[in-house]
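Report on one structure; see the data block that follows.
Just so it is clear, none of the values below were taken in a lab; they were calculated from the coordinates. Note that the structure is predicted; figures quoted are calculated from it, not measured. For neighbour counting, all protein chains shown are included, and Cβ atoms are generated from backbone atoms with ideal geometry for every residue, glycine included.
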Amino acid sequence: MTISSVLVANRGEIALRVIRACRERGLRSVAVYSDADAGAAHVRHADQAVHIGKSSAAKSYLDPDALLAAARSSGADAVHPGYGFLSERSSFAQAVTDAGLVWVGPPADVIARMGDKAAARAVAARAGVPVVPGSDELASVDDAVSAAARIGYPVLVKAAAGGGGRGIRPAASDDELRRVVAEAQREAASAFGSDVVYLERALPHPKHVEVQVLADTHGSVVHCYERDCSMQRRRQKVLEEAPAPGLDPGVRTAMCDAAVSLAREVGYVGAGTVEFLLDGEGEFFFIEMNTRIQVEHPVTELVTGLDLVALQLRVADGEPLPVRQDEIACRGAALEFRVNAEDPADDFLPTPGEVTALELPGGPGVRVDTALAAGDVIPPFYDSLVAKLAVWAPDRDAAVARGRRALAEYTVEGVPTTIPLHRRLLDDPTVVAGTYDITFLEGFAM
């Protein structure tokens, strides 16, 4: 099937990003929207828009039947899920395929295997990719205690169906483990519909480094180098950069090769991300694979010159990747700052409300992905991410300086955002040096 029309099963900046890629490729775009998003930018910019339900995500963007009905009524022949919502729901990918539509992403069975974190570890092991010492899926709390005795404390209790930092609890003793297993199971059941958990050894002060991969249906698998995503708060990414600062070239090569090997092993198709933890000795360990486009894909686009969303659409249309591995270069340095409608001074409390004034930064090497405009109301029903500011420069020091300049220009009035946090981060010597790890924000005071 040749794709001519794409239903974008998402909202906000990522929906607008996909709509723009469709237009450049000559494809008709179909937006979907809830009651809360009737006047949203992605609705205005699409060629067609279909109402799918009430403001609650569960009654709109998370409703597979409503999305499939929108695809049928609009005449769309493909579905791009963006990230979040149903993007990694294998049952939805299968339903799209069963309806005779093209799924812009990997096959449903690949999503299912890599979405089960315990199963993904097994795939990585078969591909020769190192994994963090851990356990199989746990049948009971007693099994968890026995596994921890073998693995060694401290450990992390992790949701097998998890992602995005949800369903994870640390434990440093048997008593603590017995308590947090139940907590992790409850959160996992609520967030992912499964309470299955497993254990991993907790690495002290690791870096979180991920590799972007692309694969087509003609046997080509390439990597687009790595991103450092170690700046995290409660396991949620705050700032990302490419390439990873201070990464040994040999480790970079081994990590990128490992990501490609894993993608080949699982039969991957499309854009995906293989995530690793990197310890202080230069050893890296696979933790999970995200089977979708990532929030932080702009930094990879800035250092490689590739359009990852356009490549997703090409691959979904059956075309081979237009670039070989030796044609993909990493040039300069890029940073991305997630702008969330949250108040860093009030424990990052979400801050929905009206944006009364908005001034976006610009100039050389500055990119803002957003669907927000002055006068818009940020609804309380969805994720608090409202924009991504990304900067590029020939080297990291210049990128940091450009980030400072862009953040100083960025003005949002009416609701608190995380922009002040990012300004402070770029004044911190550890951040400037690029030596921060995933624990850095634990002791960072606003």
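For region 207-443, what class follows from the C-alpha gyration tensor (a ≥ b ≥ c being the square roots of its eigenvalues): rounded when a/c is under 1.5, otherwise prolate if a/b is larger than b/c, else oblate?
prolate
Once fully extended, how much extra length lies between residue 183 and residue 377, figured as 0.36 nm per residue of separation less the alpha-carbon to alpha-carbon distance?
So the chain would gain 66.4 nm between residue 183 and residue 377.
Give a residue-ordered list of calculated ³J(HN,Hα) values for region 15-28 (Karplus: 6.51 cos²θ - 1.76 cosθ + 1.60, θ = phi - 60°; whole Hz; x for Gly, Pro).
5, 5, 4, 5, 4, 5, 5, 4, 4, 5, 8, x, 9, 6
With the Cα gyration tensor of region 173-225 giving a ≥ b ≥ c as the square roots of its eigenvalues, does the rule (a/c under 1.5 for rounded; else a/b larger than b/c for prolate; else oblate) give rounded, prolate or oblate?
oblate
Please report the net charge: other residues with Cβ closer than 11 Å to the Cβ of residue 3, K and R +1, D and E -1.
Within the 11 Å Cβ shell, the charges total 0.
Once phi is turned into ³J(HN,Hα) by the Karplus curve 6.51 cos²θ - 1.76 cosθ + 1.60 with θ = phi - 60°, what whole-Hz value does each residue of region 296-304 show in order, with x for glycine and proline?
Per residue, the Karplus-derived 3J(HN,Hα) values read 8, 4, x, 5, 5, 4, 5, 8, 10 Hz.
Would you mind classifying the chain by shape? Square roots of the alpha carbon gyration tensor eigenvalues, ordered a ≥ b ≥ c; an a/c under 1.5 is rounded, otherwise it is prolate if a/b is larger than b/c and oblate if not.
rounded
Using the per-residue mean of other Cβ atoms lying within 10 Å as a proxy for protection, in what order, highest first, do the peptides 144-152, 223-231 fall?
With the highest mean Cβ count within 10 Å placed first, the list reads 223-231, 144-152.
Please state the charge dipole magnitude for region 5-104, taken about the Cα centre, from unit charges on C-beta atoms (+1 on K and R, -1 on D and E), reported in debye and rounded to the nearest 20.
Roughly 220 debye, rounded to the nearest 20.
Could you work out the relative contact order of the chain? I mean the mean sequence separation of Cα pairs under 8 Å and 6+ apart, divided by the number of residues, in percent.
After rounding, I find 14 percent.
Under a plain spin-label model, where a point goes 7 Å from the Cα along Cα-to-Cβ, how far apart in nm are residue 142 and residue 190?
Placing both labels 7 Å along Cα→Cβ, they lie 2.9 nm apart.
Taking the chain, how many lysine pairs are there with alpha carbons less than 26 Å apart, if each pair must be eight or more places apart or span two chains?
Total qualifying Lys-Lys pairs in the chain comes to 8.
Would you please give the FRET efficiency between residue 395 and residue 220, computed as 1/(1 + (r/R0)^6) with r the Cβ-Cβ distance and R0 = 30 Å, to the nearest 0.05?
With R0 = 30 Å, the Cβ-Cβ based efficiency is 0.45.
To the nearest 0.05, what FRET efficiency results for residue 35 and residue 327 with a Förster distance of 56 Å applied to their C-beta separation?
For R0 = 56 Å, the calculated efficiency reads 0.75.
Would you mind counting up the charge near residue 264? Only other residues with Cβ under 13 Å from its Cβ, with Lys and Arg at +1 and Asp and Glu at -1.
Combined, the nearby Lys, Arg, Asp and Glu give -2.
Suppose only helical runs count, i.e. DSSP H with n ≥ 4. What mean residue ellipticity at 222 nm does that imply for the chain under -39500 (n - 2.57) per run, divided by all residues and rounded to the nearest 500 deg cm²/dmol?
One gets -10000 deg cm²/dmol as the mean residue ellipticity at 222 nm.
Can you give me the C-alpha center-to-center distance between region 249-325 and region 35-60, rounded to a whole angstrom?
One Cα centre to the other: 31 Å.
Quick check: net charge around residue 206, other residues with Cβ under 10 Å of its Cβ, Lys/Arg +1 and Asp/Glu -1?
Value of the local net charge: -2.
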